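> I have a structure I would like to understand better, so I am pasting it below and will then ask my questions one at a time.
The values are calculated or read from the model by the stated rules, or taken from the named source; none is laboratory data. Since we're looking at a predicted model, the values are computed, not measured. Cβ placement follows ideal geometry from the backbone for every residue including glycine, while neighbour counts extend to all protein chains displayed. Side chains included, ligands, DNA and RNA excluded: accessible areas come from the protein's heavy atoms. Shrake-Rupley method; radii C 1.70, N 1.55, O 1.52, S 1.80 Å.
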Amino acid sequence: MPKTVEEFEYPSKVTLGGVLKGLWRTSKLDTAFHSTMAILLVTGLLIDVVGVVLGGALAPIRQILHGYLGVLWVILFPIYLIKILATKKMRMLMTTTNYVDFLLYLILLVTGVTISSANQIWVDNIPWLTSALSDLRPLAPAIHTVTTYLFLLVSILFPGGFLHGIATTYLVSMKKEDNTE
């Protein structure tokens, strides 16, 4: 007996909540990694673009959202990378752009840690890291910002994370039009 294939609807009836629930059921690690990455991208762009005008008013966003979520992401990224490298099915789904993104993520991780290593909590608890990164500290903010824009450029021009995220958000946000007459 032949299998029947269900017809796809366009636009789909999927909502952002449905996507997040499905992703959460499938993998809490993937959900945490992608959610923190999206928030860090938005807050980083907000700090860069609006920070010139708002300056110190963005301190809570810079310190709390971008800073502390950045620490969470620094913990999640290696675990996520190990999961991908250890799972054949995940490796088979990766494209060259994904691996370029991972390299850019690594640069963002190192420069982000370097930028934050001047904070008192790092100096008090991990003084060797602060001194080890001191030579890179003057260049780290510029490298961090340029790498973020390079990530966006790569992801827009090639089938990367940003383009995938925008397309997914667009499809999820579309409402089904009522075609009844």
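> Find how much the distance from A38 to I156 grows on full extension, using 0.36 nm per residue of separation minus their present alpha carbon separation; answer in nm with one decimal. It would help to have the intermediate numbers written out before the result.
On the way: separation 118, 0.36 × 118 = 42.48 nm, distance 1.48 nm.
That works out to 41.0 nm of additional length.
> Please work out how much length the chain gains when fully extended from R62 to L46, using 0.36 nm per residue of separation minus the C-alpha to C-alpha distance, in nm with one decimal. Could you put the intermediate results ahead of the total?
Numbers: separation 16, 0.36 × 16 = 5.76 nm, distance 0.92 nm.
Answer, rounded to one decimal: 4.8 nm.
> Using the basic label-point model (7 angstrom from Cα toward the beta carbon), what is the L136 to L54 distance in nanometres?
So the label points at L136 and L54 sit 2.9 nm apart.
> Now, a different point. Where only protein heavy atoms count, and the probe is 1.4 Å, what is the accessible area per residue for the stretch 30-70 in Å²? Before the final figure, lay out the partial values.
Details: 2220 Å² over 41 residues.
I get 54 Å² per residue for this part.
> Here's something else I'd like to know. What is the stretch 35-129's relative contact order, in percent, from Cα pairs under 8 angstrom and six or more apart in sequence? Walk me through the numbers on the way to the answer.
Numbers: 31 pairs, mean separation 22.1, N = 95.
With pairs under 8 Å counted, the relative contact order is 23 percent.
> Per 0.36 nm of contour for each residue apart, how much would the distance between W24 and N125 grow if the chain were fully extended, relative to their Cα-Cα spacing? Don't skip to the end; give the middle numbers.
Numbers: separation 101, 0.36 × 101 = 36.36 nm, distance 3.39 nm.
That works out to 33.0 nm of additional length.
> On the protein heavy atoms, probe 1.4 angstrom, tell me the percent of accessible surface of the stretch 12-162 carried by carbon and sulfur.
Reported share for carbon and sulfur atoms: 75 percent.
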